[in-house]
Amino acid sequence: MNRINKDIEKYLEEIKKNLVCSASQKKTVINDLRNSIYDYVDETKATDIEDIYSHFGQPEDIAEQIISEIEPKTVKKAFKVHKVVLAGVIAIVTTFIIILGFYIDQWKEDVDSYILEGPAVEINGDDQELPMDEIVYYKNGVIKMYTIYYENGAIKEQKYYDRDGVLEVHTIYNTNGTVKEETTYKKDGSVKNHITYQQPE
């Protein structure tokens, strides 16, 4: 297939895209138009698609003219089918978005979120976050617990928060895992109780 033949097929495809009629009518119209175009090319020895545009017109204009010549009832029926299909696609997409949004909201409410941070160490040439030094734990978007670790992986500090995100308990640990200090807080943030534990010798 030479260049002009490819351009003609693209030209016909553009016309087909702009036609609002039944599939059988599209096929008939395009075939008739294809025959007319190739007859014109044979007669005039046209080698440029611009010759086709000049003689036959723009694809949109041709499609509009063809639609105006088709029986109105047929066009109306075809257009109605297009509208129904489009409406169906829109309805499906909208429903999917609504359902997806619902599950995302549920996930936000139910799932526990973690933020992990740690010093990067090189193992076999690769950077890996070991050990982690902080964990922040959220529930329903509100902070519930904050933990800091020693380099050996043992817990260094832990803070517990109430449902409103207000600090309730702050515990400090020794490197061996025993409790060093523990402070509890009132709702207004003031200290309720503070205990310092004596470590065994």
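A few remarks follow.
- Separation of the ASN35 and VAL191 label points, Cα + 7 Å toward Cβ, nm: 10.0
- Between the C-alpha center of the stretch 35-59 and that of the stretch 149-201 there is a gap of 86 Å.
- Cα-only Debye scattering, the stretch 3-70: base-10 log of I(q)/I(0) at q = 0.13, 0.14, 0.20 Å⁻¹: -0.33, -0.38, -0.76
- Simple spin-label estimate for VAL93 and THR28 in nanometres, 7 Å along Cα-Cβ: 3.3
- Subtracting the Cα-Cα distance of TYR150 and ASP164 from their residue separation scaled by 0.36 nm leaves 2.2 nm.
- Pairs beyond 23 Å (Cα-Cα), from LYS144/LYS187; LYS139/LYS159; LYS139/LYS180; LYS144/LYS192: LYS139/LYS180
- Unit charges at the beta carbon, dipole of the stretch 3-70: most positive-side option, ILE49, ILE30, GLN65: ILE30
- Summarised in one figure, the compactness ratio Rg/Rh of the stretch 138-201, Cα atoms and Kirkwood Rh, is 1.03.
Any read-out appearing in this document is the output of simple, stated calculations on the displayed coordinates, not a laboratory observation. All values reported here derive from a predicted model rather than from experimental measurement. Ideal geometry is used to build each Cβ from the backbone, glycine not excepted, and the neighbour counts take in all protein chains shown.
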